[in-house]
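The next block holds one structure in the form of structure tokens; read it before the comments.
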Amino acid sequence: MNQEPSSRPTVGAPACHPAFVAAVFVLLPAATTLPAQQVPAPPLDGAERAVRQRLASLQADLRANSRNGDAWGRYGMALEAHTFTDEAIAAYRQAHELSPRTFRWPYLLAALIDERSAADSLPLYRAALALDPDYAPARVRFAEALERSGQFDAANQEYAQAARLDSANAHAHAGLGRLALAAGDADAAVRHLSRARELAAENRSFAVTLAQAYARAGNRERGQRIADAARSLGRINYRNDPIRSSVHDLALDARSYLRRANAHRVHGELDLARRELRAGIDVDASRPELHFALAEVLAAAGNPAGSLAAARRAYELHPELEGVAPFLARALFQTGDLSGALDLAEEALRLNAGDVSMMLLVALVSAERGDVVRTVEVLDHAYQARPQDPPTREGLIRLLTNVGEAMLGSDLPDAAAGQFRKALDLAEEAESPEAAGLRRRLAQIRR
Amino acid sequence: MGTAEAPAADAEAAPVVRFVDVTAESGIEYVLPSGTDSTYPMPAVMGGGLAGFDADGDGDLDLYIIAPAPGGNRFYLQQEGGVFTDATSAAGLEGDGMGCAVGDLDNDGDLDLYLTRVGPDRLFLNDGEGVFADRSEAWNAAVPGWSSSAALVDYDRDGYLDLYVARYVAFDPARVCSQHGGRRDFCGPTEFEGLSDVLLHNLGGTGFEDVSVAAGITTVEDAGLGVVAADFDHDGEVDIYVANDADPNNLWIHQGGGRFLDDGVLQGSAFNRWGNSEAGMGIAVGDADLDLDLDLFVTHLITETNTYYRNLMLPGFEDATIDTDLGAASLDLTGFGTAFFDADNDGDLDLAVANGAVKRRPSALAAPGAATAPFPFWSDYVEPNLLLLNEDGRFVDASAQAPWTELGLSRALVPADLDGDGDLDLVIADLDGTPRLLRNLTIDPGADTNATTSNWLRIRAFDSRLRRDAIGARITVQTPDGARLVHALPPGSYLSAGAATAHLGLGAADTVQGFEVVWPDGLAEHFPGAAANQVVELIRGEGRIR
């Protein structure tokens, strides 16, 4: 068979490969110097108006101050904030050349290059740390790049130096623990990772690596407990790096507001989260996820009326948005609007027939209204679903018991026994202490 | 603590294994339709499945190509001379889907096909001549929700193949996602709730029973994409590894009695070295470090490396991506299909990875203004694939030459000896592109090179009582260079299925001294040695090679 010339596009000349491009940026700065008037312009078709305006404004600044390194750097930050990475790299490069004494430009450039090639980022981290050797977050990132490049001894030294600079830097301790684990020293890994976890209890990565270290050290039970606890932690790990955070704070698209708000929520900063969400809604009020997140934040902040309004708006914009119908149903129930709550709960069940919490809500409202048939029907569905999470299961047991008692009051002992039987099943399955009481009550009914 | 300085690139010393794209000569001109449009439907960027299997029992491999767009699936029968003809309609395999599993589900001696979909899955039983009947409902096989990859596994050792179906997310087509300053793009998995996976127990070749709850696998709802089943800890019970997209991977360790426990976190295969869950897509499985256990390799998103989990048999794994030089080549690419395979028949396992972005790349690889045939929609998404050669336990990027430099949106990848010459070729499914048939020229009947250093064996473990391949059989081969471990396993990968036949490169060795087989039910059996460069069939209970 002959080799046909390919009709597919190819990477082409090696110079087009991104890693090679990054290396050229690092090794041959003079060759990539942009003419002062050549401002990298990202493709903005489809971008949100606030983003287009902001970038246009910064471009105008640059044209007026094309030899100003900080203007280039600010432009780079805005580009990076909106994930225009190629253009941001070019702008940071120019900023570094024009303002060689400013720490943040080689640092931000290094961090971006690092996403594509850790090895290529090393000279830039070194250049940044020569300007400010005491900025611990940069030293940690440098250490991580060394680790990714396989330079484990050097990485170990840099993590240790970062920990000396800032003993509360959890990532430095985690790095030491990770290297110890990889080197087979599980006890040292447990020690370092425990310190990291103490400093950043919300960080899932530290927790799961510690769990693994315990298992390697022969303490699987302890490891399993930590692993189980880590399930409730979010997948995004935040780090205290004011310079890098200042980049992301510049993002003006609606999604970035939501992301920043979620970061604030993780840290319990509800007021900051609320402000971000309001700002995001100002940018694009048609985003249901922003309204829904605002509803959740306001509820957590003790503002039920505001929460209800925001949830209503989210529901109007996208009734099938995950979680919004159940949230609104609960909110309406809490305000005493039983009809509204029932409608929304039924709608939520239409969207997700297995949502036991909504079954309980329907049962509760139906019972309140004397609709015994619907109450029993939906409780039976909930029972069949066998909820595993303790609050829902306990709620179901309580409702089954209450309905059973009501049936007894209406002289329906057989039906009542059926409800108690189900409650007892669930309690026994959960090995709940309530099982004994339910067993006694069931025996009384049968007698 | 050792230091592993990255070796300097040495283009002169880089090993070369030649592949050539023979799609144009194969008769396959079909373009796999993604179904993408201005609404950026997520299934369109995740699909692109593939099966390479002998559907009609004539001894060569046929191809089933699976598309997310309605009516997009195609079935090709291989004819003499390596030409493929479209037999979709005659075979009864029209439709759409995501991926598939292939195996003999009713133990009647032919290969049946399970098709995963965004919606109810479908089961097709083979009549033995490559004509399939839809038995989805009768077999209780219409698993709902978005299914991705599936693995055949006889977990209860009753002789019938059960099915583990990885499921992805509760997709909501109304969800709008964006990036790059608000430009619309495909949603990622974190926009939706994950789905629990499904385990279907085979009821004696007559149907399936959903035993997911009893098996304990519904305790997590993660975005599953890749799945392989094998006995990772050699305790005699088959385990299941699932690559999840942005969620921790699952290592379901079989506790016996049909109960599974996810031990991925403590065994070091749920997260990468950094304790991060990554965008797990495809899985390669094989003994990459030649220490007689199964290692894992999982492909990931751009800005994440692909991850190599080295089996330490503690039991447990370690992320050895950095130590094996497997990180750098993948950092700027989004990997999907992948396979360990001995590309050069030198006795160790190399790697192939199919790539293609799921969101607009931060840096487009297609030259500005260049044609991005056949579908310009993907110009910001296309990427090259990777060939990584194993050189004494470190992997060297050997992708500098065509066809590896060609850009596309590749998904499923299956290694298979399509032309029967003794080296492993590759088939790769490309979204909105023609499937790629890459012929391996390590053994080239037209040339007289390599013949003495590229010996090989293809090994089939056959259970004549069951009338089918013994999927999961563990085979230790005594070679002049030491023991080598292979498994009778489909290649894993992503949305794909292939023959459960093991391939072993032997380098210069022209014989092997013997085979030790551990059959899926635990029985161990010895077989005598054999000469290289042939297909050997190890037949259970006979202690002899056919």
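The values are calculated or read from the model by the stated rules, or taken from the named source; none is laboratory data. Computed from a predicted model, the values in this text were never measured in an experiment. In this analysis, Cβ positions are derived from the backbone assuming ideal geometry, glycine residues included, and neighbour counts consider all displayed protein chains.
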Subset of the stretch A:300-329 [farther than 17 Å from B:GLU193 by Cα and crowded, with 20+ Cβ neighbours inside 10 Å]: A:SER307, A:LEU308, A:ALA310, A:ALA311, A:ALA314, A:TYR315, A:LEU328, A:ALA329
The stretch B:241-250, subset surrounded by 24 or more Cβ atoms within 10 Å (Cβ to Cβ) and among the aliphatic types (A, V, I, L, M), residue farthest from B:VAL198 (Cα to Cα): B:ALA243
Tabulated pairs, the stretch A:153-165, first within 12 Å of chain B (Cβ to nearest Cβ), second polar (S, T, N, Q), C-beta under 8 angstrom, 6+ apart or interchain: A:ASP153/B:THR3; A:ALA154/B:THR3
Residues located in the stretch B:493-536, provided they are of a type in the set (Asp, Glu) and crowded, with 17+ Cβ neighbours inside 10 Å: B:GLU525
Residue under evaluation B:LEU225, criteria (1) within 13 Å of chain A (Cβ to nearest Cβ); (2) crowded, with 24+ Cβ neighbours inside 10 Å; (3) assigned to a strand (DSSP E or B); (4) not basic (Lys, Arg), criterion not met: (1)
Test: residue in the stretch B:291-307 that is among the hydroxyl-bearing types (Ser, Thr, Tyr), within 26 Å of B:HIS503 (Cβ to Cβ) and free of Cβ contacts under 8 Å to residues at least 40 places away in the same chain: yes
Which listed residue is more than 28 Å from B:ILE322 (Cα to Cα), surrounded by 24 or more Cβ atoms within 10 Å (Cβ to Cβ), of a type in the set (A, V, I, L, M) and at pLDDT 95 or above, from B:ILE428, B:ILE459: B:ILE459
Every residue from the stretch B:281-298 that is part of a loop (DSSP other than H, G, I, E, B) and either touching a Pro at 6+ places or on another chain (Cβ under 8 Å) or within 20 Å of A:GLY150 (Cα to Cα) (or both): B:ALA288, B:ASP289
Test set (1) within 14 Å of chain A (Cβ to nearest Cβ); (2) at pLDDT 95 or above - B:ILE471 fails condition number: (1)
Residue among B:ASP154, B:ASP127, B:ASP158, B:ASP121 that alone is under 21 Å from the mean Cα position of the chain (by Cα) and surrounded by fewer than 23 Cβ atoms within 10 Å (Cβ to Cβ): B:ASP154
Residue within the stretch B:191-211 that is touching a helix residue (DSSP H, G or I) at 6+ places or on another chain (Cβ under 9 Å), surrounded by fewer than 24 Cβ atoms within 10 Å (Cβ to Cβ) and on the phi > 0 side of the Ramachandran plot present: no
Selected residue [under 19 Å from B:PHE192 (Cα atoms), touching a helix residue (DSSP H, G or I) at 6+ places or on another chain (Cβ under 9 Å), modelled with pLDDT under 95 and not in a helix (DSSP H, G or I)] from A:LEU233, A:LEU258: A:LEU233
Enumeration of residues in the stretch A:63-92 that are surrounded by fewer than 24 Cβ atoms within 10 Å (Cβ to Cβ), assigned to a helix (DSSP H, G or I) and among the charged types (D, E, K, R): A:ARG63, A:ASP70, A:ARG74, A:ASP86, A:GLU87
Flag if A:GLU276 is under 21 Å from B:PRO173 (Cα atoms), at pLDDT below 95, within 16 Å of the chain's Cα centre (by Cα) and surrounded by 17 or more Cβ atoms within 10 Å (Cβ to Cβ): no
Residue check, A:TYR257 in contact (Cβ under 8 Å) with a residue 12 or more places away in the chain, more than 9 Å from every other protein chain (Cβ to nearest Cβ), among the aromatic types (Phe, Trp, Tyr) and touching a Gly at 6+ places or on another chain (Cβ under 7 Å): yes
Elements of type strands (runs of 3 or more DSSP E) contained in the stretch B:439-515, each with 1 or more residues being closer than 14 Å to B:ASP423 by Cα: B:455-463, B:502-507
The lone exception for B:VAL477 - which of (1) modelled with pLDDT of 95 or more; (2) surrounded by fewer than 22 Cβ atoms within 10 Å (Cβ to Cβ) it fails: (2)
Pick from the stretch B:251-280, criterion assigned to a loop (DSSP other than H, G, I, E, B) and among the hydrophobic types (A, V, I, L, M, F, W, C), ranking: surrounded by the fewest Cβ atoms within 10 Å (Cβ to Cβ): B:TRP274
Selection count where residues are farther than 23 Å from B:GLY472 by Cβ and of a type in the set (A, V, I, L, M), scope the stretch B:126-163: 4
Residues satisfying the stated conditions in the stretch A:341-380, i.e. surrounded by 18 or more Cβ atoms within 10 Å (Cβ to Cβ) and small (Gly, Ala, Ser): A:ALA341, A:ALA345, A:ALA348, A:SER357, A:ALA363, A:SER366, A:ALA367
Selection status of A:LEU124, touching a Pro at 6+ places or on another chain (Cβ under 9 Å), closer than 20 Å to A:ASP70 by Cβ and surrounded by fewer than 21 Cβ atoms within 10 Å (Cβ to Cβ): no
